[in-house]
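Remarks on the structure that follows.
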Amino acid sequence: MLGNLAILCATVVLSYGMQMTKPHYADLTAPIPINGSMHDTVRARSFAVSLDKVIFARQLKTNQFGQEKLLTTSGLWAVVTTNLTATSTSTAVADGFWQGPTGLRYHQTERLGYRPDMPPHGVDPGLDKRSLFVFEVPPDQIRGAGC
């Protein structure tokens, strides 16, 4: 009886220790930040990206359903041009975000609808793919931002 109680206590202590030391699910699935400068190739686990150009605008012209539309925003449009390539196997890059100098993150806009040059981007090893990411950001989130 005393042996069973000792095993039970050891199991509880071990389980509690494992629970407190394991990483949380959000930590396991969170983005892994990698820094780089404009025109540097930054390598992630399954793809590499090179930031070619960032253009800021107050208005965007786009074609939606065969009609030209003018999109406005209360902030600025940040149009980011990149080159993507897969590192070992074909993969898809489905999302990007703009991180302002204060740490706020802005996901790419959904106001443009589907376009072939917008995510998700299917990329293959050894083949560069030119791609766009478009964000709506407040003007104070431009200087010192990351993508």
Exercise. Name the most mobile residue of Ala30, Ala57, Ala94, meaning the one with the largest mean-square fluctuation, in a Gaussian network model of the chain with Cα contacts below 10 Å.
Key: Ala30
Quiz item: In nanometres, what is the gap between the two model label sites at Arg43 and Ala57, each 7 Å from Cα along Cα-to-Cβ?
Solution: 3.5
Quiz item: Which of the chymotrypsin sites (Phe, Trp or Tyr not before Pro) found in region 1-110 are loop residues per DSSP with 11 or fewer other Cβ atoms within 10 Å of their Cβ?
Solution: Phe65
Self-check item: Angle in degrees between helix 2-21 and the longest Cα principal axis of the chain, rounded to the nearest 10
Solution: 20
Exercise. Treating only the Cβ atoms of Lys and Arg (+1) and Asp and Glu (-1) as charged, compute the dipole magnitude of region 36-120 about its Cα centre; round to the nearest 20 debye.
Key: 120
Exercise. Using Cα extents along the principal axes in Å as the read-out, say which of [x] 80, 38, 33; [y] 39, 32, 32; [z] 55, 34, 28 was calculated from these coordinates.
Key: [x]
Self-check item: Reachable lysines from Lys53, criterion Cα separation under 20 angstrom, eight or more residues apart if same chain
Solution: Lys61, Lys129
Quiz prompt | Additional length obtainable on full extension of the chain from Ile142 to Leu28, 0.36 nm per residue less Cα span | solution = 38.1 nm
Quiz item: Going by accessible area, probe 1.4 Å, with all protein chains left in place, what is the ranking of Glu136, Glu68, Glu110, largest first?
Solution: Glu110, Glu68, Glu136
Quiz item: Given 5 Å bins starting at zero, what is the percent of C-alpha pairs of region 89-142 in each, up to the one with the largest pair distance?
Solution: 4, 18, 24, 19, 15, 12, 6, 1
Self-check item: Residues listed by number, region 16-57, amide nitrogen under 17 Å from Thr89 label point at 7 Å toward C-beta
Solution: 44-48
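The values are calculated or read from the model by the stated rules, or taken from the named source; none is laboratory data. Keep in mind it's a predicted model, so treat the numbers as computed, not measured. Glycine also receives a Cβ, built like all others from the backbone with ideal geometry; neighbour counts cover every protein chain displayed. Keep in mind that these areas ignore ligands, DNA and RNA; they rest on the heavy atoms of the full protein, side chains included. Shrake-Rupley method; radii C 1.70, N 1.55, O 1.52, S 1.80 Å.
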